[in-house]
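To keep things clear, I will list the structure first and then write my remarks on it.
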Amino acid sequence: MTTTLITGANKGIGLETARRLIAAGHTVYIGARDLERGRRAAEQIGGRLVQLDVTDDASVAAAAKTIEADGGVDVLINNAGIETRGPDNNVPGAGETTGEMIREVFDTNVFGVVRVMHAFLPLLARSTAPVVVNLGSGLGSLTAVSAPDSPAHAYPGLAYPTSKTAVNMLTVQYAKAFPAMRINVVEPGYTATDLNGHSGHQTVEQAAEIVVRMAQTPPDGPTGSYFDISGPLPW
Ligand SMILES: NC(=O)c1ccc[n+]([C@@H]2O[C@H](COP(=O)([O-])OP(=O)(O)OC[C@H]3O[C@@H](n4cnc5c(N)ncnc54)[C@H](OP(=O)(O)O)[C@@H]3O)[C@@H](O)[C@H]2O)c1
């Protein structure tokens, strides 16, 4: 029996991933910072609910304590994420971006991953097949964003892509530090969710495909790697 925790699973790609993993037989904890939104999602798909705000150390510690008391966790999906968008759904450009905007995005997308990893690594270490999937982005690829012929090249902002580049580095460093775990980062593709004002061209069903696949990485599978649905991506 595999137990999986997904952060920010009350909607979007996280919720769809939870639905798919429950169908595959996992016991899934829906991590949600808002209990009411989390409860609705967990009831909808038959998941367990855990209050978890990745920007709040006490909330992360309490979630780890609850899940430990219930028997632990095998798979952790660091999915919670935010992007800075203006009133017209526009992304602030490099010159308009402030340190405070970057701090807010990093607090969720980067420090949030570290908070959750730090609290859950001892639980994962007790699993016979521990797996971590980090939700990265093609916008975190220095190769893609600097290539004029790549769609990612047109993205104007600083906060979100730098946060996802940091998630790539976290993935590499955690994977080296914990060789018994399979720790990878995935790019789900540009997907219509609240994160981007539903401007993405993929569905959450399509996006969840690579997340679900990597959540089922076997003990002899890849670690410290960066994938989208078509295969490995350049850093
Ligand atoms: N959509 C895309 O095109 C795309 C592309 C590449 C990567 N991604 C990544 O995929 C992941 C999921 O994004 P999505 O598109 O599904 O976005 P979404 O629909 O906006 O969902 C984001 C989830 O994160 C939660 N969240 C935000 N801040 C949180 C916090 N401090 N603590 C706990 N949960 C928090 C949200 O909860 P609330 O409901 O409480 O706000 C929500 O459940 C993100 O890491 C994103 O960067 C998305």
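Please treat every number below as a calculation from the coordinates, not as lab data. Because the structure is a prediction, the values reported are computed rather than measured. As a convention, Cβ positions derive from the backbone with ideal geometry for all residues, glycine included, and neighbour counts pool all protein chains shown.
When the Gaussian network model of the chain links Cα atoms closer than 10 Å, the mean-square fluctuations of GLY12, GLY197, GLY95 top out at GLY95.
Legend: ranking of residues LEU142, LEU124, LEU135, LEU195 from fewest to most surrounding C-beta atoms inside 10 Å; resulting order LEU142, LEU195, LEU124, LEU135. Among beta bridges from DSSP that stay inside the chain, the antiparallel ones total about 10%. Rounded to the nearest 10 degrees, the angle from helix 57-69 to the longest Cα principal axis of the chain is 30 degrees. Compared with the dominant Cα axis of the chain, that is its longest principal axis, helix 111-124 is turned about 20°.
Taking Cα atoms only, the orientation of helix 159-177 departs from the longest principal axis of the chain by about 40 degrees.
The Cβ shell under 11 Å around GLU205 holds other residues with a net charge of 0, Lys and Arg each +1, Asp and Glu each -1. Ranking GLY224, GLY197, ILE67 by how far each Cα lies toward the positive end of the dipole of the chain (charges on Cβ) leaves ILE67 at the top. Scattering from the range 158-235 was approximated by placing one identical point on each alpha carbon and applying the Debye formula without solvent; log10 I(q)/I(0) at 0.19, 0.21, 0.27 1/Å stands at -0.87, -1.02, -1.29.
Comparing Cα centroids, the range 197-221 and the range 85-109 end up 25 angstrom apart. A simple count of charges around VAL54, restricted to other residues whose Cβ falls under 11 Å of its Cβ and scoring Lys, Arg +1 and Asp, Glu -1, yields -2.
The charge dipole of the range 79-173, taken about the Cα centre with unit charges on the Cβ atoms of Lys, Arg (+1) and Asp, Glu (-1), comes to about 440 debye, rounded to the nearest 20. Cβ crowding within 10 Å ranks ILE22, ILE13 as ILE22, ILE13, fewest other Cβ atoms first. Sum up the charges of everything whose Cβ sits under 12 Å from the Cβ of ILE22, counting Lys and Arg as +1 and Asp and Glu as -1, but leave ILE22 out. Charge balance in the 12 Å sphere: +2.
In debye, nearest 20, what is the charge dipole magnitude of the chain about its Cα centre with +1 on Lys and Arg Cβ and -1 on Asp and Glu Cβ, if you could check? Spell out each step's value before the answer.
Values: 17 positive and 23 negative charges, 108 e Å.
In debye, rounded to 20, the chain gives about 520.
Relative intensity of the range 3-232 on a log10 scale, I(q)/I(0) at q = 0.15, 0.17, 0.18 Å⁻¹, equals -0.97, -1.27, -1.43, per a Debye sum over C-alpha point scatterers of equal strength in the absence of solvent. Considering only ALA159, THR128, VAL185, the residue lying farthest towards the positive end of the dipole of the chain is THR128, judged by Cα position with unit charges set on Cβ.
Just want the ordering: TYR190, TYR160, TYR174, TYR29, from fewest to most Cβ atoms lying within 10 Å of their own Cβ.
Details: TYR190 17, TYR160 24, TYR174 20, TYR29 27.
Lowest count first: TYR190, TYR174, TYR160, TYR29.
Over all pairs of different C-alpha atoms in the range 54-171, the reciprocal of the mean inverse distance, the Kirkwood hydrodynamic radius, equals 15.6 Å.
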